[in-house]
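Written out below as structure tokens is the structure these notes cover.
The values are calculated or read from the model by the stated rules, or taken from the named source; none is laboratory data. Worth saying up front: this structure is predicted, and the values here are computed from it rather than measured. We place every Cβ from the backbone using ideal geometry, glycine too, and count neighbours over all the protein chains shown. Areas reflect the complete protein model, heavy atoms only, side chains present, ligands, DNA and RNA absent. Shrake-Rupley method; radii C 1.70, N 1.55, O 1.52, S 1.80 Å.
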10 protein chains.
Amino acid sequence: MEFLVRTENRLPNDTPADIRDQLRKGERERATELREAGVLRRLWRVPGRNATIGLYEAEDPAALHDAPVSLPMWKWMDVTVEALATHPQEKKG
Amino acid sequence: MEFLVRTENRLPNDTPADIRDQLRKGERERATELREAGVLRRLWRVPGRNATIGLYEAEDPAALHDAPVSLPMWKWMDVTVEALATHPQEKKG
Amino acid sequence: MEFLVRTENRLPNDTPADIRDQLRKGERERATELREAGVLRRLWRVPGRNATIGLYEAEDPAALHDAPVSLPMWKWMDVTVEALATHPQEKKG
Amino acid sequence: MEFLVRTENRLPNDTPADIRDQLRKGERERATELREAGVLRRLWRVPGRNATIGLYEAEDPAALHDAPVSLPMWKWMDVTVEALATHPQEKKG
Amino acid sequence: MEFLVRTENRLPNDTPADIRDQLRKGERERATELREAGVLRRLWRVPGRNATIGLYEAEDPAALHDAPVSLPMWKWMDVTVEALATHPQEKKG
Amino acid sequence: MEFLVRTENRLPNDTPADIRDQLRKGERERATELREAGVLRRLWRVPGRNATIGLYEAEDPAALHDAPVSLPMWKWMDVTVEALATHPQEKKG
Amino acid sequence: MEFLVRTENRLPNDTPADIRDQLRKGERERATELREAGVLRRLWRVPGRNATIGLYEAEDPAALHDAPVSLPMWKWMDVTVEALATHPQEKKG
Amino acid sequence: MEFLVRTENRLPNDTPADIRDQLRKGERERATELREAGVLRRLWRVPGRNATIGLYEAEDPAALHDAPVSLPMWKWMDVTVEALATHPQEKKG
Amino acid sequence: MEFLVRTENRLPNDTPADIRDQLRKGERERATELREAGVLRRLWRVPGRNATIGLYEAEDPAALHDAPVSLPMWKWMDVTVEALATHPQEKKG
Amino acid sequence: MEFLVRTENRLPNDTPADIRDQLRKGERERATELREAGVLRRLWRVPGRNATIGLYEAEDPAALHDAPVSLPMWKWMDVTVEALATHPQEKKG
């Protein structure tokens, strides 16, 4: 099943540059893993903000939960999840 | 997977009594079927309102969607659904 | 560019069945055209509601505007649109 | 009577790991006690967040109040409580 | 236990005067009964509006629910209920 | 005239225990004085929160203002006040 | 004491012109009376809307309530009232 | 001075086509006049909606008020206005 | 033109008493100057809060902006401004 | 395409004056560059606040994103962006 996942990044502005860089690097690496695992399907930026909208796929909400939680930035993120129902127009075939 | 489902009933106040009674009867019958099918697990009233909170279980959001939609009152209801993730404390055993 | 488009269908409940059916048929046909034109990329249902979330692609907001407006149900829909920025992770390649 | 209890955990991100672990351990122990006492009936995670939704049972709102307040994390939690009315469909029998 | 109950009266403006008068009379009579039964403890007007705030006492949310529902105006009212917890300062003695 | 007064206590979690105890003691003492002066009529807890709802009586909003401001915790409180109009049902006699 | 009173006029658009004119005339006359009685102190328009913000003076919220209720348009108005506390800077002298 | 003006058009869907056409024609004509008078500076559509955002210029809020009110559709519009302050960067020169 | 100006004072609670006193003194002095200049017309307290509602008069929004910004507390204040349109009832004469 | 961009500046009040001055200087310089590049078309202040509303032009949301992000104050800003659709009245000619 698919989920729409919004994140707002609240990492404090006074985080030292090296920690910030390390977190960003870890973030990209984990995102790549989630893509390769078929969990993270699409990712967009909310224009003007340090925020994203992602399309995720997971077996159930508990499995979905594990995806953003596995991101190194998670504990500074405000995450909201919306479960999506497959539309009949897309079920056929 | 489980879902928290809120309904607000907006049936117009000038609905004739016989139609209203028929809808309520159909509502109870369909709710009974959903209980017997293991889809409707619990149902509460929001005190003071013509509104309910229900705990539903369904295979995925598309399957969940079919449950409230099958209620005779559905087209007069404002329904909001929240997907719940199993908590690790309840996963064990 | 891509857009996230939410629709809430407010077609009155007392719309005659034949008009409703005709509108739904027109809706499906227009949606198919929009898919074939590469404008409507994905479509989901908001579980429990007569509402959808769609992923659209259009040249600019004015072009995007024309897509939901072309749906036969549009004048009964509450539509909200969110412009999405391509994420750098997806730009590469 | 039953209550729907939402919690958002606001424990600061810079809480030392040992204090965090101790709090989590205390949290699990107290939750187990509340389950055994028949106060905490069900517990879910809000997917993607450090947040929960719980179904509690207590004699009255003052007794309910004592349950989340007894959790070691309580003073960092934003808690909202909703009193539920038994639905007539569940009263019978 | 006590509840704070807000009501907004949405009776349509074109309700005939005699029906409106009859409803108001029934409303006052039922309110008097609820006072005598110890259910309706206090009642205020929200200044400027056709709206009230009431302090109710009932055994549980299901019993509370029956009170506003028994008002002749109920089906035109938007009612919100808040369960109150006795404060320790008022428990003593 | 009467007022409904809501308070949310935002005292920082890292306030030393002795200062916290002293504030609580002062809070109880001042509340007792306000009760004896006929200003604080009723007090409830918002279940699950460090928050209260109070029924106050004061000559006018400026006099009412002085009551919560005189509480030792006031500067850490988020206070909202709602002026209540006497209901005609309670005016008579 | 003083109150800030907001009104939004919801008179249906299909109200016949003569009734509308009569209501407006009655509205102006009643507003003039309220001014002369010292109840309506100031009145502004919310730019672009059929809405006003007024500064009223009345003995208490119940007396204030009577002022907007006495306007011929009242039953089509959405009115919100905010009680104002005299500021110490204006108390002196 | 400049104002940001948002409009949401709530013309009922069952408005006869000829009246609707006449209103739209009047709307365009009046908009042209407001442009020529230097009152309506810019106009955008909110994508997906029957709604606009406009940049207006008028001597003061009362003069601004007259502009949207002069539109034939005004009585079906929900209009919100925001007064803008000239930014120092644009004052120079 | 006139403006309704709301302020919420967010000065941190741990601000040293002497700085706080100095700020308050400066606040009173500047408010007096603004009154004498005809900019600050009326000032009220929001009961129960460290917040005010003021009626200001200024040539335009840019001139109005300068008034609250000139208050020593401004940088700790959350300020919201609403431009008011003169009501025709007050224009005459 | 055009965008409406709102910014709220959250730079902490205890930022040293020299850093603040340097940031403001950088802010003006970058804004000038964005104007010269045709990206920042108009800029207003939200009266009473450390906040702005800007009209931007950019090729797409990803290009727009780069503009506020390039401001030295960006990481302390809360930015919201709204994509605008060209109105047919402005398309002609």
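So here's what we get for this one:
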{"quantity": "Cβ neighbours within 10 Å from other chains - mean over F:37-45", "calculated": "4"}
{"quantity": "Amide H contacts of A:LEU40 (H built 1.01 Å from N, under 5 Å, at least 5 apart or other chain)", "calculated": "A:ARG35, A:GLU57"}
{"quantity": "Placed amide H near H:LEU71: partners under 5 Å, 5+ positions off or other chain", "calculated": "none"}
{"quantity": "Relative contact order of chain I, pairs being alpha-carbon contacts under 8 Å that are 6 or more residues apart, as %", "calculated": "49 percent"}
{"quantity": "Relative packing of peptides H:46-56, J:23-33, D:66-76 - highest average C-beta neighbours within 10 Å first", "calculated": "H:46-56, D:66-76, J:23-33"}
{"quantity": "Chain G - accessible surface per residue (Å², probe 1.4 Å)", "calculated": "48 Å²"}
{"quantity": "Interface burial for B against E (accessible surface, 1.4 Å probe, total of both chains, Å², rounded to 100)", "calculated": "800 Å²"}
{"quantity": "Globularity index of region B:2-86, i.e. its alpha-carbon radius of gyration over 2.2 N^0.38 Å", "calculated": "1.08"}
{"quantity": "For region J:24-34, Karplus couplings with θ = phi - 60° (6.51, -1.76, 1.60), whole Hz, Gly/Pro x", "calculated": "5, 4, x, 5, 5, 5, 5, 4, 4, 4, 5"}
{"quantity": "Theoretical ellipticity at 222 nm over chain H - DSSP helices of four or more residues, -39500 (n - 2.57) apiece, nearest 500", "calculated": "-10500 deg cm²/dmol"}
{"quantity": "Shape category assigned to the protein assembly as shown from the gyration tensor of Cα positions, a/c cut at 1.5", "calculated": "rounded"}
{"quantity": "Estimated dipole of chain F in Debye, rounded to 20 [Cβ of Lys and Arg +1, of Asp and Glu -1, Cα centre]", "calculated": "340 debye"}
{"quantity": "Whole-Å distance, taken between Cα centres, linking region E:1-66 and region C:23-58", "calculated": "45 Å"}
{"quantity": "Residue closest to axis [chain C; rotation mapping onto H; Cβ; Å]", "calculated": "C:PRO12, 9"}
{"quantity": "Per-residue average of Cβ from other chains inside 10 Å of D:17-25", "calculated": "0"}
{"quantity": "Region I:2-83, accessible surface, carbon-and-sulfur percent (1.4 angstrom probe)", "calculated": "47 percent"}
{"quantity": "Residues in region E:1-15 occluded by at least 10 Å² - accessible area, probe radius 1.4 Å, against chain by itself", "calculated": "E:MET1, E:GLU2, E:LEU4, E:ARG6, E:ASN13"}
{"quantity": "Backbone HN-Hα couplings from phi across region C:64-79 [Karplus 6.51/-1.76/1.60, Hz, Gly and Pro as x]", "calculated": "4, 3, 5, 5, x, 4, 7, 6, x, 7, 3, 5, 9, 9, 9, 10"}
{"quantity": "Amide H within-cut-off set for D:GLY48, under 5 Å, with H built and near neighbours excluded", "calculated": "A:HIS65"}
{"quantity": "Positive minus negative residues near D:GLU36 (Lys, Arg vs Asp, Glu; Cβ under 12 Å)", "calculated": "+1"}
{"quantity": "For the protein assembly as shown, size of Cβ-based charge dipole, Lys and Arg +1, Asp and Glu -1, in debye", "calculated": "0 debye"}
{"quantity": "Average beta-carbon neighbours from other chains, 10 Å sphere, peptide G:50-61", "calculated": "4"}
{"quantity": "Karplus (6.51, -1.76, 1.60) ³J(HN,Hα), θ = phi - 60°, over region H:7-16, in Hz, Gly and Pro reported as x", "calculated": "10, 10, 8, 10, 3, x, 5, 8, 5, x"}
{"quantity": "Net charge of neighbours whose Cβ lies under 9 Å from the Cβ of J:ALA62, counting Lys and Arg as +1 and Asp and Glu as -1", "calculated": "-1"}
